[in-house]
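Peer 1: Before we start, here is the structure in question, set down as structure tokens.
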Amino acid sequence: MNALFDLRGKSAIVTGAGRGIGRSIAIGIAQAGADVTLCSRTETELASLAAEIERFGRRALVVPCDVTKAEEVQHVIDMTKNEFGRIDILINNAGITKKTPAEDYELEDWNRIIAVNLTGVFLFAQYAGREMIKQGGGRIINISSVASQTAVTGSVAYCASKGGVNMITKVLAVEWAKYGVQVNGIAPSYFETPLVKQIKDTREGFAEQIAARTPLGRMGHPDELVGAAVFLASDASSYISGETIFVDGGWVAVGL
Ligand code: NDP
């Protein structure tokens, strides 16, 4: 491993680690050397991931948590500090969506999506950030989306939440630079995960539509987000903060 990308001796928290993108990133940063706290609401998924991570010699701590509940977020922080002594990296990944035309969007769905995708990201960043400030540094990586920049029909709450995530990234990067805390984001396009499978299964031709719209001609695989995550978590990105990297097969570059 090139020393620039080496995460040995670091501890990380990954939210929404049980499946999809969070799972791939948790494995990827553990393979780069980090010990990892895994959280989401489904303990069985986290336990199987922890076993996988421990098989290649890293430590994994399972702490079930709903990112919308402040006391549960604090519990994850406390458990991680107890187990690993510090928090070097936060991957703020948990997220949900629901597709409904804007004129029919239920307030309950709007509130739930904003609570998980936006408030949950802020809460985790704030609680982990407080520890990082005390430690004198850390890395926060917020998982955004191309939907933060380009409209996705039927997804008004999701797009609003991800646009907000990009601004949380910028504001925290600016406020916390003086404490050595770097805050960046990763904005994926469409990746083959359980979240996207749910859309694919209910919309005929969806996968083909995505492939046709994407310059690289296909959806991404969650493992293709690991490079950006390790980069932003490591010394290789020591002078980058407030940035959101689009890992999108060229999605947002498309004009006509
Ligand atoms: P999945 O639905 O496959 O996984 C989501 C993860 O988040 C699960 O582990 C889920 O676990 C967890 N989660 C959901 N709600 C909560 C909650 N309230 N508290 C804690 N954990 C929660 O999604 P993806 O892997 O596809 O997406 C991951 C992130 O990437 C999201 O932020 C998403 O918006 C973003 N993204 C995904 C894209 C894609 O194409 N897949 C594209 C662009 C962005 P559990 O339900 O057990 O709590």
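Bear in mind these aren't lab numbers, they're just calculated from the coordinates by the rules spelled out. Fair warning: this is a prediction, and the values are worked out from it, not measured in the lab. No Cβ is skipped: glycine too gets one built from the backbone with ideal geometry, and neighbour counts run over all protein chains shown.
Peer 1: Note down the nm distance, to one decimal, between modelled labels 7 Å out along Cα→Cβ at residue 71 and at residue 103.
Peer 2: 4.4 nm
Peer 1: Take the chain, mark every one of the chymotrypsin sites (Phe, Trp or Tyr not before Pro) that falls in a DSSP loop and has at most 10 other Cβ within 10 Å, then report the longest stretch left between them, sites excluded.
Peer 2: Details: sites that count: 56, 239.
After excluding every exposed loop site, the longest remaining stretch is 57-238.
Peer 1: Next question, about the same structure. Under 8 Å for C-alpha pairs, at least 6 residues apart: give me the relative contact order for the chain, rounded to a whole percent.
Peer 2: Value for the chain: 20 percent.
Peer 1: Something else now. In a shell of Cβ-Cβ distance under 13 Å around residue 144, excluding residue 144 itself, what net charge do Lys and Arg (+1) and Asp and Glu (-1) give? Walk me through the numbers before you get to the answer.
Peer 2: Values: positive: 162, 170; negative: 243, 248.
Taking every Cβ under 13 Å from that of residue 144, the sum is 0.
Peer 1: Related question: Take the Cα atoms of region 3-246, build their convex hull, and give its volume per residue in Å³. Walk me through the numbers on the way to the answer.
Peer 2: Numbers: hull volume 29.7 nm³, N = 244.
For region 3-246, the hull spanned by Cα atoms encloses 122 Å³ per residue.
Peer 1: Here is a further query. Once amide H atoms are built 1.01 Å from N in the peptide plane, which residues 5 or more positions from residue 16, or in another chain, come under 5 Å H to H?
Peer 2: When sequence neighbours closer than 5 places are left aside, the close amide H contacts are 39, 40, 94.
Peer 1: Residue by residue through region 179-192, which ³J(HN,Hα) values in whole Hz follow from phi under the Karplus form 6.51 cos²θ - 1.76 cosθ + 1.60 (θ = phi - 60°), with glycine and proline marked x?
Peer 2: Listing the rounded values in order: 9, x, 9, 9, 10, 9, x, 10, 10, x, 8, 8, 10, 6 Hz.
Peer 1: Sticking with this structure for a sec: Where the only charges are on Cβ atoms (+1 Lys, Arg; -1 Asp, Glu), what is the dipole of the chain about its Cα centre, to the nearest 20 debye?
Peer 2: Numbers: 25 positive and 28 negative charges, 89 e Å.
Charge dipole of the chain: 420 debye, to the nearest 20.
Peer 1: Same structure again: When 39, 159 are ordered from fewest to most other Cβ atoms inside 10 Å of their Cβ, what list results? Could the numbers behind the result be given before it?
Peer 2: Values: 39 31, 159 21.
The fewest-first ordering by Cβ neighbours comes to 159, 39.
Peer 1: Neighbouring Cβ atoms within 10 Å as the yardstick, rank 86, 55 fewest first. Please report the intermediate quantities before stating the final value.
Peer 2: On the way: 86 15, 55 9.
In increasing order of surrounding Cβ atoms, one gets 55, 86.
Peer 1: Continuing with the same structure: Largest first and in whole Å, what are the equivalent-ellipsoid semi-axes of region 134-209 based on the Cα gyration tensor, each being the root of 5 times an eigenvalue? Present the calculation step by step, with values, prior to reporting the outcome.
Peer 2: Details: eigenvalues 205, 33, 13 Å².
The three semi-axes for region 134-209 are 32, 13, 8 Å.
Peer 1: Loop by DSSP (not H, G, I, E, B), at most 13 other beta-carbon atoms within 10 Å: where is the longest site-free stretch of the chain for GluC sites (Glu not before Pro)? Numbers along the way, then the final one.
Peer 2: Numbers: sites that count: 106, 204.
Longest run free of exposed loop sites: 1-105.
Peer 1: Write out the cysteines belonging to the chain for which the nearest other cysteine Cβ is not under 4.7 Å, or none if no such cysteine exists.
Peer 2: 159
Peer 1: I would also like to ask the following. Could you give the nm distance between label points at residue 42 and residue 4, where each point is 7 Å from its Cα heading toward the beta carbon?
Peer 2: Taking the simple label geometry, residue 42 and residue 4 are separated by 3.7 nm.
Peer 1: Next up: Please list, ordered by chain and number, the residues whose modelled amide H lies under 5 Å from the amide H of residue 181; skip anything fewer than 5 residues away on the same chain.
Peer 2: Amide H neighbours of residue 181, under 5 Å, 5+ apart: 138.
Peer 1: Given points 7 Å out from each Cα along the Cα-Cβ axis, report the residue 174 to residue 253 separation in nanometres with one decimal.
Peer 2: Going from the residue 174 label point to the residue 253 one covers 2.9 nm.
Peer 1: Step through the table entries 81/170; 81/178; 81/134; 99/162; 10/162, compare each Cα-Cα distance with 20 Å, and write down the pairs that go over it. Walk me through the numbers on the way to the answer.
Peer 2: On the way: 81/170 26 Å; 81/178 23 Å; 81/134 12 Å; 99/162 15 Å; 10/162 28 Å.
Violating the 20 Å Cα-Cα cut-off are 81/170; 81/178; 10/162.
Peer 1: Now, a different point. Mind pulling up the Rg/Rh value for region 217-256? Radius of gyration and Kirkwood radius, both on Cα. Can you show the working numbers first?
Peer 2: On the way: Rg = 12.3 Å, Rh = 11.8 Å.
With Rh from the inverse mean 1/r over Cα pairs, Rg/Rh is 1.04.
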